[in-house]
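All remarks here apply to the structure that follows.
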């Protein structure tokens, strides 16, 4: 079995040694709070809900660590479909995903970009329907994500999701188009 790139292993190690360990510590702190017999029922309910949220986040981080450490030989469109169905469970999806020729190192970066776009849709858009199109254009790869959410997707001070997407796309020599008034359309061309 081939090994993942050293950069992917380094990022996985940083996630494990940093964020994952911090989340475990927060979980233990919440457990200690829950053991306090003097807590009101409302406080206990709120702390327990926070504990469940931390557990979910820990599962997400662990899945990312595993993804970074595994070499995935599935084609890009198949990987994108799996990620979309996992991240967008609450939305109706329309997927039009074609096989595209993209070097492996670019595929991995592309998946990170697409994952961030889809997480933003899931977390911020309030969309009920999301369409994802992946197709080749003149020896390049285009990804379009279109949602029927509240719009408002743009670079904001102190927020780094969209800024990070733009930086990653530009590092690959690509371009980003964001149209976000009623719903959002993000198109990347690499």
Exercise for the section: Just one of (1) assigned by TED's automatic domain parsing to the domain that holds residue 170; (2) modelled with pLDDT of 80 or more; (3) closer than 27 Å to residue 20 by Cα; (4) in contact with a helix residue (DSSP H, G or I) (Cβ under 8 Å, 6 or more places away or on another chain) trips up residue 81, so point out which. Expected result: (4)
Practice task
Would you mind listing the helices (runs of 4 or more DSSP H) fully within region 1-91 where at least 2 residues are within 29 Å of residue 141 (Cβ to Cβ)?
Solution key: 6-15, 41-69, 76-87
Exercise for the section: Within region 93-106, track down each residue that is in contact (Cβ under 8 Å) with a residue 24 or more places away in the chain and surrounded by fewer than 18 Cβ atoms within 10 Å (Cβ to Cβ). Expected result: 93, 94, 95, 96, 98, 99, 101, 105, 106
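Assess whether residue 114 counts as being more than 23 Å from residue 7 (Cα to Cα) and surrounded by 13 or more Cβ atoms within 10 Å (Cβ to Cβ). Give the steps one after another, and end with the answer.
Working: more than 23 Å from residue 7 (Cα to Cα): no; surrounded by 13 or more Cβ atoms within 10 Å (Cβ to Cβ): yes.
Considered against the rule, which asks whether it is more than 23 Å from residue 7 (Cα to Cα) and surrounded by 13 or more Cβ atoms within 10 Å (Cβ to Cβ), residue 114 comes out as no.
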Fill in the blank from the handout: So, first residue free of Cβ contacts under 8 Å to residues at least 60 places away in the same chain and not assigned by TED's automatic domain parsing to the domain that holds residue 123 in region 35-56, second residue surrounded by 10 or more Cβ atoms within 10 Å (Cβ to Cβ) and outside any helix (DSSP H, G or I), Cβ within less than 9 Å, six or more apart or across chains; the pairs are 43/36; 44/36; 47/39
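The values are calculated or read from the model by the stated rules, or taken from the named source; none is laboratory data. Here the structure is a predicted model, which is why all the values come from computation and not from measurement. Note that each Cβ is placed from the backbone with ideal geometry, even for glycine, and that neighbours are counted across all protein chains shown.
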